[in-house]
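Here the structure comes first, spelled out in structure tokens, and everything after it is commentary.
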Amino acid sequence: MIWLQLLYVYLKIGLFGFGGGYAMLSLIQADVVERYNWISTQEFTDIVAISQMTPGPIGINSATYIGYTAIQNAGYPPMMCILGSCLTTFAVCLPSFLLVLAISYFFSKFKNNKYVSAAFLGLRPATVGLIAAAALMLMNSQNFIDYKSFIIFACAFILTWKFKLHPILLIVLAGIAGLIIYW
Amino acid sequence: MYWTLFWTFLKIGTFTIGGGYAMLPLIQREVVDRGWLTKEDFIDLFSVAQSLPGIFAVNISIFVGYKLKKIKGGMVCAFGTVLPSFLIILTIALFFTQVQDNVWVEKIFKGLRPAVVALIAVPCLTTARSIKLTYKEMIIPVIAALLIWQLSVSPVYIILAAIIGGLIYGLKIKRH
């Protein structure tokens, strides 16, 4: 059952994932964490961190990782977890594939199409809301365990927002901070 | 030809850290400088790939592959882009289960998690700024975020509503 659900959820994520990796996170969380409880908020946050730090698009990295973890949490052995990875990675790419094939036939019409640009008048502001929802869903007691968490959050926010610190460097620094603070 | 395509996109998938747009200059260099596509074609592909759902890097690799070698080309390019991520993450996932209960790893991740939340919160603001969201339009993302966060409305419905809203506004209201 979990296999079919994973396939369905990731096809959906691939089909409705407008607005880039961060906006996609809210789609992933809504199903994978909140609805089906395949993984915890903590695990999800860890997966986002690792997906950020490793090469490749965050959408692929997280799909591969979540496919593995969800199957693992369901009690399957490692071989089946790898199969889970394959399934989610394949499923998230399949809609792209079909859409590109469909669009290639009438590419010149799709370009500068008035319906597409009108749809984006609504999609663009909604993307901001999707990213906000992704951040808000992560702000719970699993990720913010004490006042120190809030200090780390504030520092990380300022470093990224004002000083444009590279995400990988930020994650490394936060990890070191965690080691020191929770010694 | 298929091997060249595969290797090119394997390289692109391996050497881009931090998401789709970071790989753009690399894709352009590989694809345009080899003479596979003209610069104009590439810019067209880019703008269409951007307006499609899904993973941007995958979309653009399928487009390029399809343009050169039809369906097989698209499959080869997508496979090349995805494979490095897949293998790297799989290795980490296999390894991470061994160490995730280690006290040191736990401490590191305790510090790391709030920072990840900040990493997602900032693009929310920078995106709002880059699309030049006005105060009046702010109501859209605020309602969208509250519906998802507090009422557990599926983001799929938000996206569908945004598309329909955009179509109505763009095609009917704005014209008058």
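For this structure, a couple of remarks:
- Only one of B:Leu171, B:Leu146, B:Leu125, B:Leu94 that is assigned to a helix (DSSP H, G or I), of a type in the set (A, V, I, L, M) and at pLDDT 95 or above: B:Leu146
- Residue among B:Ile43, B:Ile60 that alone is open to solvent by less than 20 Å² (accessible area, probe 1.4 Å) and assigned by TED's automatic domain parsing to the domain that holds B:Gly74: B:Ile60
- Region A:40-61, residues that are within 19 Å of A:Ile82 (Cα to Cα), more than 7 Å from every other protein chain (Cβ to nearest Cβ) and of a type outside the set (A, V, I, L, M, F, W, C): A:Glu43, A:Ser51
- In region A:89-136, the residues that are facing chain B (nearest Cβ under 7 Å), small (Gly, Ala, Ser) and more than 26 Å from the chain's Cα centre (by Cα): A:Ser104, A:Ala118
- The numbered conditions (1) of a type outside the set (Val, Ile, Thr); (2) in contact (Cβ under 8 Å) with a residue 40 or more places away in the chain; (3) crowded, with 21+ Cβ neighbours inside 10 Å are all true for A:Gln142 except (3).
- A count restricted to region A:57-112 and to residues that are farther than 24 Å from B:Met23 by Cα, of a type in the set (Gly, Ala, Ser) and in contact (Cβ under 8 Å) with a residue 24 or more places away in the chain stands at 4.
- A residue that is more than 15 Å from the chain's Cα centre (by Cα), of a type in the set (A, V, I, L, M, F, W, C) and surrounded by 19 or more Cβ atoms within 10 Å (Cβ to Cβ) cannot be found anywhere in region A:45-59.
The values are calculated or read from the model by the stated rules, or taken from the named source; none is laboratory data. What you are looking at is a predicted structure, and each value in this text was computed from that prediction instead of being measured. Quick reminder, even Gly has a Cβ in these numbers, built from the backbone with ideal geometry, and neighbours come from all protein chains shown. To get the accessible areas, we keep the full protein, side chains included, count just its heavy atoms, and leave off ligands, DNA and RNA. Shrake-Rupley method; radii C 1.70, N 1.55, O 1.52, S 1.80 Å.
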